[in-house]
Every structure is written in structure tokens, then in C-alpha cells.
Amino acid sequence: MTVVPQVAGREISNPPSDGISNIRFSNHSDHLLVSSWDKSVRLYDVSTNVLRGEFMHGGPVLDCCFHDDSSGFSACADNTVRRLVFNYGREDVLGRHDAPVRCIEYSYATGQVITGSWDKTLKCWDPRGANGLIGTYTQPERVYSLSLVGNRVVVATAGRHVNVYDLRNMSQPEQRRESSLKYQTRCVRCYPYGTGYALSSVEGRVAMEFFDLSEAGQSKKYAFKCHRRSEAGRDIVYPVNAIAFHPVYGTFATGGCDGYVNVWDGNNKKRLYQYSKYPTSVAALSFSRDGRLLAIASSYTYEEGDKPHEPDSIFVRSVNEVEVKPKPKVYPNTTT
Amino acid sequence: MYNHHNDPPSHMETTCGSLLSELQKIWDEVGEPDVERDTMLLELEQECLEAYRRKVDQANRCRAQMRQAVADSEAELAYLCAALGERPVHIRKFEQSTASLKKELELITPQLDEMRKRKNERRRQFVEILDQIHNISKELCRSTEDNLFTMAIDESDLSLKQLEELQRQSVTLQKEKGDRLKQVLDHLNTLESLCLVLGTDFKHTVSEIHPTLDGSSSTKNISVDTIERLAAAICSLKEVKIQRMQRLQDLATTMVELWCLMDTPIQEQQKFQNVTQNIGASEDEISEPNILSLEFINFAEAEVLRLQQIKSSKIKEVLLKKKLDLEELCRTAHMVAKAHAQDYSVEAVECGALDPSYLLEQIELQISKVKEEAFSRTDILEKIEKWLAACEEECWLEEYNRDDNRYNAGRGTHLILKRAEKARALVNKIPAMVETLTAKARTWEKERGVEFSYDGVRLLSMLEQYSVLKQEKEQERQRQRDQKRLQGLLIAEQEALFGSKPSPTKSGKKVSRPSMGGSYNNRFSLGGAMLQIANAEKIGHSSSILKKSNRVKQQTFQNQSLSSAKRNLDATGLAGKQHSFNSSNTQEIKSAPLRKPLSPVSSALLSNVNIQNGIRTEHEPLKRTPPNSKTPEATPTKEISVVDEEISTPRTMPIPMPPTPSTVSVAMQTAMTPATPCFPLGEDIEFSFEESRFGFVLPKTNLKPLD
């Protein structure tokens, strides 16, 4: 609850030279994968603050993710989906979309790569075989964000559509939904325990949704406002660019164009923490595998078009348990 | 001289006598004195003497010259004879006595001329032959000193012997030249065949050695140097040939191996027939043109590479399949694959860090090992399954026992009762199960010398933990029982005092309930704790089962928590509103109302109202913010405040027109009216920041004005 001004965290040296589209911690180490508009994907070792590798692409890279600790995938605006092998600096094209690829995820459950593109399709790829494409699934609109949990895929597109798929049966969506927020979807992220997803919009608001379609299940959903500022009696609303769930506590951080990072406890509907303001919009967030580190991409997201802005940078801060741990609920019989 | 005037003397004497007598007569007539006459006669006599002496001198000189000439001629003749190696002609000896000098000279001159002619002839021959020798040796590139020696004609020795010598020399040289030429041609032939096989340009190779060798000029350079270079070239080409041959044969061997390995069809093999046909050929057997050219080798190499790639991809496929098999085996046997997993990653194989066939072998080995182990585990595994199932039942039973309404009659209650009965029977068997399992696991471990692990956790420790938990549980139960007994005593006392008996269950219920509904409860129940020991996958599974069984109860709990959630939500919404309304410090506001939900709200009525509010806050505030307004900050605040005041009926609320430009307010109204929230899909298409930055489609009004 308390807002204590703190240092922004350690800044990563050699950041990308243009807008940062996504950052992700590895599931195995403190390596950080960063995709950027400067057409590069970079791999940092956060523990030593060393740039471990760099891959140049044919266009701006809009998303990236890890495969295992030694390889990853990238989604490029030159329509390609690539696989990157870090140790050998090798990259190969898994396949292409008909338009820039907006987002990419790797499913550990099925061993597939899932990509969403502005060509209004979702594609699944096998990263191992030569003919990687497993399937193409048409979406109602351009895909803006994508999230996975277990066998579930949540696809958020333009026009505020949200499709929920089961990876084992991709022939049609398990659920077709409409965003409960009124404005363009910015980011969607599944709860780590798999019961639903959080969805943020360009209008300073986050909706907490549940997969369970029963009345009881749906009655739990709610939305809350965030990343707003009141100035001279007027509400200034900022887009919420990023959501990242804490891997241990299930709490989550949001980052907005106001340059703030907030940490929330979704179960108790409380804000746990607000970090001090970052130089420019928070474009992406990622917790490390043990939740002890939080990487923050402070990078202008062009919400106001091309204008002079602060340099793009990545901060890594160590997370205090107090900042992310849900305030203990009073369990009457914790002894058993 | 006297001979010359054999006839005339008489005449001359007469003339001299007559002249003297004539003079006597004259003098007589003149009467010259005798003295005068004597002087005159003396004078005459002296003049005569003078004339004679002059003539004699002259003749003498002439003779000397003649002798010199003869001597010279003779000397020359002798020299020439010597030079020509002929017997000297001794003319002079016998001539000297007999013939005069002139005759001698006459005799010697033609001989001399003859000799000179012969000498010139001989000299010409010498020059000719020397020229020949010179030319040949030049071709042979003999050393130049040698040349100089033979080149100068020795004028003093032009004998036939010398000539013959020279001729012999010339012949030997010519022979050598022939030999050399033959050698060069041989070399050239060899070179040409080598070049043909290796597919290199013969003319170019040869002209590099010497420009005359490429056949364009009639004479070929045959110097030792050239021959040496030719030999060197042949040698190096041969080396190259052997190298390439070995390379090609290596490739051919690999190719045939790969064909065999992958059953390549004959048609495909046919194309590389000429690669493989030379597999066992020796160096000189390979003579087919271009068979060892770089292109050909590259061609073969490319094929081998292709085959190898196919092979490695096949191996990779097999490897992956095996890996999956192994994982599957491990999973079914509840063994942790990690214990076996080396680095089987495809990357390692791809990059050559590991030999795929070795890996394959390893993985096979492991599969057999795992299979064997799995077989030995089956017996125990079955028991474990049973035990875990029993634990689940125990867990359920425990939950069920806590439900104070369990005996309330309702639909399906009899089934639950039956289940409980069964569960109780099963639970009773658990200690025996645990015992046998422990024994079995012990013997297994003893037999194999390895820990028996179930999904990575040692079974014995699982069992132990379970018993410990059970014990604790038992103690706890004992404690509660004691407490209840005490409470009962107290109540009885009170009853005795006041005559009324409050229900003791209520407090108990409150205590036990919430622990069950929460998402983390499983860990507080015995079975759940047990299951948690198993790996994560397992947890998800079992918890879902638990949930199913607890569905009814959870539902009720959810309702309860829901209302509180709604309350909270309302509070946050309220906080936001106040925030905009008061425009005061964030910190303060956020902290104040958020604490609210923690304060007790007992009234059911209030919670009902709050639920409504909650629903409203979910949707209504969104409608308030105008979607198309360029300056949204200007208007919404007031509105929000209005809504805040009229909590119950948001839909019918009056909208006071804010003091803003009319265009803005119009935009706002359009935002307000639509019943279905699909306004962003109006006539203008929406774009994300990324799309507009990338210029994905011509952006129109892509940016939603937000601040």
C-alpha cells in the first residue's frame, strides 16, 4: 500500500537502440531475451549484466520467447517466425505469415510455437521438424496479444475479440468472447494457476476474467482502473501496455504509458505496491523464474506518434517479498 | 747480265771503238793537246764506271727482294701445310741448286694459292660445324664458358682430325638434343593426360612452365631447367591426383555406405555411378577425363553432404522418437526422467558436439535400463496407486466429516453416504497398505541398492511423511476432542446454571469452513499434503478431483467471498471516483478506501446493494469515457462525480452538459447511446500503436486520444 520512492533498479547496459517490444526471462536462468524495433533480438545475462548475443532480423521484431535456455523464437515484422540458437548464433526461419507477426509463445505442454499475426490468423508450429507448420486458424481480427496456460490459449485481437482455444483441439475456439473493456485490447495474460486471464486496454483499465462459464464462475470477474492521473480536476488515462504475473505468489504487475509499474493482488483486489516512475512508457515486464527479479522495459510505445522521447532502457530490480506477497488472509486454522 | 748482251757486245764494241776512233780523228784534226785528250778520256771512263755501278746495285737489290718473296712464300706455305695438317712440300731444297729465283717463285706461287684456297675451304667447314655445335648447345643450354672455348676457331689447327672431332661432337650433341626432345614430349604427354583427368587447362599449365611448349611454336625449349620443371609439374600434379583420388574414393565409400544405410533407389545411385566405379582403382587406372576435376569432386561432395544431412535428420527423428519413448516410459513408471537425461538435445547433435549414433546407443541403453527398472517397479507401483487412491478418499472423507450438514437429507445424499462408508473401510486399510509398501520398497531398495523414487521423491520418505502427518493429525484430533469435552462440561455447567444450552457447533463451523474453500486448502488436509509431495502435474490433477468433490461446498463459499469481492470492488471504484472528484493525493486515497473491505460488514442487505454496485462499476465507468473525444480529460470528471452520487440507478441519470465545446459533448453522447458496445468498429478502423508505427495499414484515426 505504501508508495515508497525507490531507485529504478539496475539498468542493463547495451540496450536496444529503438523501441523495446518485449522482454522475457528464461525459465532456467537469469537470462533475459529482448526484442526490439531496431530489428534485433538480444540475449542478456542479467546476473552479470552482459550482452550474450544478438540476432539481426529483416524488420522490427515485435515479440520473442524462450524455447529452452539455449534457444528461443522471435516474431518479426518482416512476416517471419524464426528460431534462434544462442550458443551458436544460428537462426532459421520456421515459417511466415502474410503480415507482420505480432506475438509469439512457446507451449511447453505441447512443444509447439504459437504465433499471432496482423494477417488475422493464429499459427502453430513444430520447432523441430522441417515442415514446421501444424495449423493455421483464422481469427476475427488482427491478433494483438496472446497468452498460454497449460493447454489453453487466449487470443486477443483488434475489435476487442477474445478467443479461448484448447491446444489439443484447435479446430475451433473453445470460447468466443468480447472484451469486457470498451477500448482496444493492449495485453492479455493468463493466471499462472490457469483459471482465467487478465486483459488490459488502452484506456487505463484491467479486466480480470475467468474461464469457468457458469454463473458462479463469471460472477467473479471484475475490472479495475489503473495508470491514471488526475490533473487539474481532469482524469488523464494511459494505456496499460504490460501485465506480468508473479510465478510464486500469483500477484501481478502492470506497466503503463505513464511510466509507472503497479503490483496488484487480484484475489484480494488490492494494490500492493507502486514503483517509482520510469523515464518513459513501460513497454514490457517480466518476472524471473523465481520471482526475485523484475525486468522493466522503459521504452516509448509511440502512443502519440513519432515525437522526441527518452532513450529506450531496461531496468532489472530485485523484488522484495513485501512488494509482491499477498497480504495474508486470516486463516482461522492455519495449524492443521 | 752478261748473258743478256750476248750478241750486241761486238756491235757495242764497235760503236765504242768507232766512236773513239772518230773522237781521235776529230782531236787530230783539231789538234788537241795530249793532256786535254787524256783528261777527256779519263772522264769518259769514269762516267762509264758510274753507270755500271748503278746498274749493278739495282740488280742486287732486286735479287734480294726476290729472295725475300720466295722465303715468305715458302714460310707461308709451310705454315699452311702445318695448319691443314698436311705434309710440308719441300720444293726449295732441290730447286735451289737448279733453278733461278724467278723460277722458284713461279713454282711456289700456285702452290701457295692452292694452299690458301684449301685453307679457306677448311675454315668455312669449321665455321659451319662450330655454328651447328653452338646452336645445339645453346638449345641444350650448355654453360657459356664451354661455348666460348669451342667457338673461337683455332686458326693454327684446321686439320681434318680436328674437323672430325668437331663433327663427332656435333653428332653427340644432336643425339642429346633428340633425347631431350623425346623426354620433353614424353613429359608433355604425361602432363596432358594428368591435366585431362584433373580437369585443369593443359595449355595453361604448360605455357606456365615454358611458353614454347604449348604447341604454338615449332621448336620447343628443351633445356635441363625446362625438363626439371616439367618433371616437377608432373610430380605435383600426380600428388594432387593421388590426393583427389583418395578424396573421391573416400567420398565414394561414404556414399555407398549412406546408400546402403538409407536404401537409396538405384536410379538415384545411377547418377553417381562414375563416382563409385573408381572406388578401388589405383592411381594410374584412373584416366577418364575430368574424373578428378574439382567440379566433379565438389559435385560428389555435395551429394555426400546432402545424404549426410538426410541421414542426420533421420537420426534426429529417431533420436527424438526414442527420447519421447524414454520420457513416456519414465512417466508411466513414475520415474524421474531427469536422472537419466543427459544432454540429448538436438542442438548438440546438429552442431556436432555429440555423435548422434553414440547418443542413439546411449538412449537405447537407457530405454532398456528404464524398461527393466519399470518392470521391477510394476508391483510396487500398483500398490502405490492403490495407496494414493486411498489417500484421496481419506482426504475427501476428512472434508466430508467436517461438513456439519452432511446428514441433511437431499438429493444424492445416499450416494455420498455410501461413498463415505466405503471410504472409511478403505481408510482403515491404509496403515496396512503403508506397512506392506514400506516393506516392499525396503526390499526393493536393498535388492537394487538404489532408492525407490516416485516421481522424483523417495517413496520411503513419502510414506514416512505421511505417517508423521497422520500422527500429527491424530494428536490434533485428540486435542480437539479434549477441548470439545471441556466445552461440553462448561455448557453443561451453564445449563445447570441458566437452564439453556447454546449450540456448540457454530463456533466450530466458523473455524473449519474457510480453510476448505480457499484455493490453497489442499495443503491443509492430510491427503492433499500427501499428494503435494508428488510432482506438480499430479497436484493439479488431484486438486481438480478434490474440487469436484467439494463443488457444492465451494459454491457456497464462493458466494460468500463473492459478495466481499464486490464490496471491495465497489470500494476501489469509489476510490477512483473520489480520486477524480477530489483531485487529491493518490497515496492517501488509495490507502484509505482500500482498507475498507477488511472492516467487518455484517449486514446482508448492504452486501446485496454492493453487489449491484459492483456490477455497475464493472461496466458503467467505461461508458462514461468518450471513445472519440480528442480531449477526454476535459469532460468526464464531472460526469463521474454525478454517477457517484447516484449509486442506484446509473442508466437514467441526467447528464449535465459540461461547459465544453459542443463538438466534444456530441462525441460524448454518441458514446453514451449505443446499447451494444461495438463502437470502435465504426466506419474507421482501429489500429494498435505498433501497427501505426509500422505503417501497417494507412492510419486514419488510429490513436485514441488518451492524454
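The values are calculated or read from the model by the stated rules, or taken from the named source; none is laboratory data. Remember, it's a predicted structure, so these values are computed and weren't measured experimentally. Positions of Cβ are generated from backbone atoms using ideal geometry, with glycine treated the same way; all protein chains shown enter the neighbour counts.
Each residue in region A:245-293 was checked for being among the acidic types (Asp, Glu) and in contact with a Lys or Arg (Cβ under 9 Å, 6 or more places away or on another chain), and 2 pass.
In region A:245-255, the qualifying residues are those that are at pLDDT 95 or above and of a type in the set (Gly, Ala, Ser), and the one that is surrounded by the most Cβ atoms within 10 Å (Cβ to Cβ) is A:255. Number of residues in region A:207-230 that are at the interface with chain B (Cβ under 7 Å from one of its Cβ atoms) and not in a strand (DSSP E or B) equals 3.
Residue pairs whose Cβ atoms lie under 7 Å apart, separated by 6 or more positions or on different chains, with the first residue in region B:292-306 and closer than 16 Å to residue B:242 by Cα and the second among the β-branched types (Val, Ile, Thr), are B:292/B:197; B:292/B:286. Check region B:332-340 and report whether any residue there is of a type in the set (Val, Ile, Thr), in a loop (DSSP other than H, G, I, E, B) and over 26 Å from the mean Cα position of the chain (by Cα). Scanning region B:332-340 turns up at least one residue that is of a type in the set (Val, Ile, Thr), in a loop (DSSP other than H, G, I, E, B) and over 26 Å from the mean Cα position of the chain (by Cα). Among the residues of region A:297-330, those identified as without any contact (Cβ under 8 Å) to a residue 24 or more places away in the chain and either within 14 Å of chain B (Cβ to nearest Cβ) or farther than 14 Å from residue A:265 by Cβ (or both) are A:304, A:305, A:306, A:307, A:308, A:320, A:328, A:330. Just one of the numbered conditions (1) within 14 Å of chain B (Cβ to nearest Cβ); (2) under 22 Å from residue A:206 (Cβ atoms); (3) in contact with a Ser or Thr (Cβ under 8 Å, 6 or more places away or on another chain); (4) touching a residue at least 12 places away in the same chain (Cβ under 8 Å) is not true of residue A:278: (1).
Only one of the numbered conditions (1) within 25 Å of residue A:109 (Cβ to Cβ); (2) within 13 Å of chain B (Cβ to nearest Cβ); (3) within 14 Å of the chain's Cα centre (by Cα) is violated by residue A:194, and that is (3).
Could you check how many residues of region A:181-191 are in contact (Cβ under 8 Å) with a residue 24 or more places away in the chain, facing chain B (nearest Cβ under 9 Å) and assigned to a loop (DSSP other than H, G, I, E, B)? Total satisfying the criteria: 2.
Against the criterion of being surrounded by 12 or more Cβ atoms within 10 Å (Cβ to Cβ), modelled with pLDDT of 80 or more, on the phi < 0 side of the Ramachandran plot and under 60 Å from the mean Cα position of the chain (by Cα), residue B:461 qualifies. Restricting attention to region A:231-244, does a residue exist that is assigned to a strand (DSSP E or B), surrounded by fewer than 17 Cβ atoms within 10 Å (Cβ to Cβ), facing another protein chain (nearest Cβ under 9 Å) and of a type outside the set (A, V, I, L, M, F, W, C)? Yes, region A:231-244 has at least one match. Can you find, within region A:142-163, the residue that is nearest to the other protein chains (Cβ to nearest Cβ) among those that are in a loop (DSSP other than H, G, I, E, B) and in contact with a Leu (Cβ under 9 Å, 6 or more places away or on another chain)? Within region A:142-163, the match that is nearest to the other protein chains (Cβ to nearest Cβ) is A:150.
In this structure, does residue A:178 turn out to be of a type outside the set (Gly, Ala, Ser) and away from chain B (no Cβ under 14 Å)? Taking the combined requirement at face value, the residue does not satisfy it.
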